[in-house]
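K.L.:
Handing you a structure now.
The values are calculated or read from the model by the stated rules, or taken from the named source; none is laboratory data. Computed from a prediction, not measured in an experiment: that's the story for all the values here. Ideal geometry is used to build each Cβ from the backbone, glycine not excepted, and the neighbour counts take in all protein chains shown. Ligands, DNA and RNA are excluded from the accessible area calculation, which covers all protein heavy atoms including side chains. Shrake-Rupley method; radii C 1.70, N 1.55, O 1.52, S 1.80 Å.
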Amino acid sequence: MSPRALVLTVALAAAVAVLGSAGDLPDRVASHFGVSGRADGFMPREFFLALMTLTASVLPAALWFLQVGSARRGRVRIPHAAHWLAPPQRSRTLAYLEWHAAAFSVVLAAFMVFVHWRVVLAHADGGAPPRLAPGPFFIGLGVFLVFTLAWALAPRRRFRVRPRASG
């Protein structure tokens, strides 16, 4: 599977996951929660589903296309970019950058679906006011932030040393 196919498949799966939950949400959805997990912001279900579909599906795919397009035009910040984007290394470098961008898009989509399902679960107790369990949410956020940091540093490590010319 190509990085593009992976990103598009995950985007479609994320949209299905979000839109498939419509029946599990009330007409007025708690869309913002305080640190304690208490709901303090609401919006209509249709608007919430549209927003979550955009952030879980369209945004990750759009970010992949933007990152790959920039890399193909040579607009990428990596150490020794002139070397790594020169003809002998260019195709391998672009392949790495496409997979690297795909990794972020996939994890972003997964995180946004995770957030969405935490909101769905916050509404699961029928008549009780919606409450987001802060523990699982903050663990998920922490995992996403650690991944994002590692992802941001990976190209620096991968391209930090320019190989010596053989001769």
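K.L.:
Identify, please: which residue in the range 135-148 is of a type in the set (A, V, I, L, M, F, W, C) and farther than 13 Å from residue 108 by Cα and is, among those, most open to solvent (accessible area, probe 1.4 Å)? Lay out the reasoning, then the answer.
P.N.:
Just the residues of the range 135-148 that are of a type in the set (A, V, I, L, M, F, W, C), to begin with: 137-139, 141, 143-147.
Imposing the further condition that a residue be farther than 13 Å from residue 108 by Cα reduces the set to 137-139.
Details: 137: 44, 138: 97, 139: 117 Å².
In this case the residue turns out to be 139.
K.L.:
Scanning the range 35-48 for residues that are open to solvent by less than 80 Å² (accessible area, probe 1.4 Å) and in a helix (DSSP H, G or I), which turns out farthest from residue 12 (Cα to Cα)?
P.N.:
Taking the range 35-48 first, the residues open to solvent by less than 80 Å² (accessible area, probe 1.4 Å) are 36-37, 39, 41, 43-45, 48.
Of the ones still in play, those that are also in a helix (DSSP H, G or I) are 45, 48.
On the way: 45: 20, 48: 18 Å.
Across the range 35-48, the extreme among qualifying residues is 45.
K.L.:
Please verify whether the range 47-68 includes one or more residues that are of a type in the set (A, V, I, L, M), farther than 30 Å from residue 130 by Cβ and modelled with pLDDT under 95.
P.N.:
No.
K.L.:
While we're here: Kindly provide the set of residues from the range 16-29 that are closer than 12 Å to residue 124 by Cα and among the aliphatic types (A, V, I, L, M), ordered by number. So that I can check it myself, show each step before the final result.
P.N.:
Taking the range 16-29 first, the residues closer than 12 Å to residue 124 by Cα are 21, 23-26, 29.
Correct list: 25, 29.
K.L.:
For the range 104-121, does any single residue satisfy the condition of being under 24 Å from residue 161 (Cα atoms), out of contact with any Lys or Arg (no Cβ under 8 Å at 6 or more places or on another chain) and at pLDDT 95 or above? Walk me through it before giving the result.
P.N.:
First pass over the range 104-121, keeping only residues under 24 Å from residue 161 (Cα atoms): 104.
Among the residues that remain, those that are also out of contact with any Lys or Arg (no Cβ under 8 Å at 6 or more places or on another chain) are: 104.
Still in the running and at pLDDT 95 or above: 104.
Checking the range 104-121: at least one residue is under 24 Å from residue 161 (Cα atoms), out of contact with any Lys or Arg (no Cβ under 8 Å at 6 or more places or on another chain) and at pLDDT 95 or above.
K.L.:
Oh, and also: Among all residue pairs at least 6 apart or on different chains, which show Cβ distances below 9 Å where the first residue, located in the range 110-122, is more than 19 Å from residue 28 (Cβ to Cβ) and of a type in the set (Val, Ile, Thr) and the second is open to solvent by 50 Å² or more (accessible area, probe 1.4 Å) and assigned to a helix (DSSP H, G or I)?
P.N.:
Pairs that qualify, where the first residue is more than 19 Å from residue 28 (Cβ to Cβ) and of a type in the set (Val, Ile, Thr) and the partner is open to solvent by 50 Å² or more (accessible area, probe 1.4 Å) and assigned to a helix (DSSP H, G or I), are 113/13.
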